[in-house]
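The values are calculated or read from the model by the stated rules, or taken from the named source; none is laboratory data. In this text, all values refer to a predicted model and were calculated from it rather than measured experimentally. Every residue, glycine among them, receives a Cβ derived from its backbone with ideal geometry; neighbour counts consider all protein chains shown. For accessibility, only protein heavy atoms count, side chains too; no ligands or nucleic acids. Shrake-Rupley method; radii C 1.70, N 1.55, O 1.52, S 1.80 Å.
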Amino acid sequence: MKDLTVGNEAKLIFRFALPMVFGMLLQQMYHFVDSIIVGRFLGKEALAALGASSPIFYALIAFIIGIGSGATIVISQYFGAKDLKKVKRAIDTIFIFLFGASIVISILGITFSEDIFRMLHVEESIIPLATRYFNVFMLGMLAFFGFSATSSVLRGIGDSMTPLWFMLIATVINIVLDVVFIVIFDWGIEGAAWATVIAQAVAFISGAIYLTRKHQLISFNIRDFVFDKELFLKSIKIGLPTGFQQTFVALGIMALVRIVNNFDSDVLAAFTVASRIDALAAMPALNLASALSAFVGQNLGAQRIDRIKKGLRATLVMAWSISLVVMLTVIFFGDHIMRLFIDDANVIEHGTNYLVIVSSFYMIFSTMFVMHGVLRGAGDTLIPMFITLFSLWIIRIPFALFLSKHFGVNGIWWAIPIGWSMGLAGSLIYYFTGRWKSKSVVT
């Protein structure tokens with residue numbers, strides 16, 4: 001556990017975020033290894049199938065993950081207030097909720113996967129590959145939610161290092177199994193899905209055993225779990241807007257894929273690779289924002305508004321510095337990175353254009369997410385939800401549709417930073433109203 005209410009703000013946030021950055025880096029290795037091996041050994045059609053599957057998977061889990069984020073904020077604020085009994089109750093409650101949700105999502109995903117791919121106008125030649133990959137992936141929902149919940153809870157109480165070790169285990173297993181299942185056993189695209197499912201399961205089980213034995217607040221003895229209705233409702237109150245926000249973001253990505261599918265499968269394959277590189281590039285800003293949320297949660301619980309403002313300034317400086325370096329790297333070496341995944345010249349050209357256009361606005365993106373980090377840490381999640389919905393559905397999707405008709409594929413890519421810019425404007429305006437300071441759940 002780490003008390004974030006005392007000590008140098010910049011050092012605390014940086015040290016708290018660093019393991020999370022490495023953890024997400026390892027997590028992105030799942031997607032990188034899957035994409036590289038699938039693209040190299042199974043071809044661009046299989047690579048496009050991965051790209052078609054990702055937004056559907058995200059759409060199915062987004063609402064539940066959003067609700068879980070509300071519990072994380074509740075945990076961090078009660079930990080900041082030193083109320084460990086309620087911290088334990090909140091942890092039990094969120095695990096019970098997520099375990100039940102994982103079963104429901106698995107059933108829904110497998111039942112409707114093929115229909116959803118057709119709704120997105122995925123090419124008929126791609127649908128069988130995408131369905132086979134996606135259905136295997138759905139079988140791993142329990143392990144996915146279990147490990148995600150464990151990591152989120154630990155971050156809420158100031159421990160961002162422990163999840164890193166178990167993510168390292170999962171990444172190594174995933175890489176090895178990708179090679180074994182796809183290259184040696186020739187299992188096709190299902191091999192990539194099974195590698196990820198097994199790796200997540202091992203990470204979750206290992207983490208559960210370790211935490212049961214070593215951690216005083218977490219026990220994976222089901223008989224000892226207690227569902228606290230009051231704390232769950234508090235989590236819902238905070239997490240519901242984030243849940244809706246995440247869901248509409250996921251649906252927005254599906255809508256973007258639907259627009260991408262107006263072009264050929266080369267564009268979908270390029271979008272698959274470029275968006276995964278983009279996700280890796282955006283990772284430092286996302287993790288700094290998550291670290292700031294935990295910092296804000298604890299300090300708001302301790303009534304230290306002065307520390308929150310200092311933490312925000314320090315986080316912005318770190319985010320801007322990293323974004324500048326990442327932006328220059330992606331702009332100058334984007335085409336070389338694309339070639340790691342596939343040799344097709346047309347796919348590489350579309351993907352490189354995406355990277356150059358989108359990466360030029362990483363500083364805007366990072367600022368927007370850091371500002372959202374403050375608001376979420378304070379428990380003020382409703383306004384960020386509306387800001388996200390506006391920037392996505394009123395700006396990005398209509399612009400992508402309009403610009404793609406007039407400027408082709410690059411018009412879709414330009415719509416992404418346009419949406420970010422509008423989202424940042426809304427976030428800054430709301431932050432300076434100061435209303436987020438009154439949203440603490442601790443009374």
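Points worth noting:
- Sites listed here are trypsin sites (Lys or Arg not before Pro) in region 68-109 whose DSSP assignment is loop and whose Cβ has at most 14 other Cβ atoms within 10 Å: Lys82.
- Net charge of Cβ neighbours under 14 Å - reference Val267; Lys, Arg +1; Asp, Glu -1: -4
- In region 207-295, chymotrypsin sites (Phe, Trp or Tyr not before Pro) in a DSSP loop with at most 15 other beta-carbon atoms within 10 Å: Phe225, Phe227
- With every protein chain in place, region 277-419: carbon and sulfur % of accessible area (1.4 Å): 72 percent
- Modelled FRET efficiency - R0 51 Å, Thr329 with Met119, Cβ distances, 0.05 increments: 0.90
- Net charge contributed by nearby residues that have their C-beta within less than 14 Å of Ile198 (K/R +1, D/E -1): -3
- Considering only Phe399, Phe295, Ile337, the residue lying farthest towards the positive end of the dipole of the chain is Phe295, judged by Cα position with unit charges set on Cβ.
- Here the relative contact order of the chain, from alpha carbon pairs under 8 Å that lie six or more residues apart, stands at 25 percent.
- Net lengthening on full extension, Phe41/Trp165 (0.36 nm per residue, minus Cα-Cα): 41.7 nm
- Legend: calculated FRET efficiency, Phe112 to Lys437, from the Cβ-Cβ distance at R0 = 41 Å, rounded to 0.05, equals 0.45.
- Cα centroid separation, region 133-149 to region 1-63 (Å): 15 Å
- Percent of Cα-Cα distances greater than 13 Å, calculated over region 340-413: 75 percent
- Convex hull volume per residue for the chain, taking Cα atoms only, in Å³: 122 Å³
- Sorted into 10 angstrom bins from 0, the C-alpha pair distances of region 4-138 split as 10, 27, 30, 19, 11, 2 percent.
- Membrane-span-like helices in the chain, defined purely by DSSP H runs whose alpha carbon atoms cover 30 Å or more axially and whose average Kyte-Doolittle hydropathy reaches -1.0, are 9-41, 44-80, 84-119, 189-214, 229-260, 265-301, 305-339, 409-431.
- Computed over region 274-387: relative contact order in percent, which uses C-alpha pairs under 8 Å that are six or more apart: 43 percent
- Neighbours of Ile189, meaning other residues whose beta-carbon lies under 10 angstrom from its beta-carbon, give a summed charge of -2 when Lys and Arg score +1 and Asp and Glu score -1.
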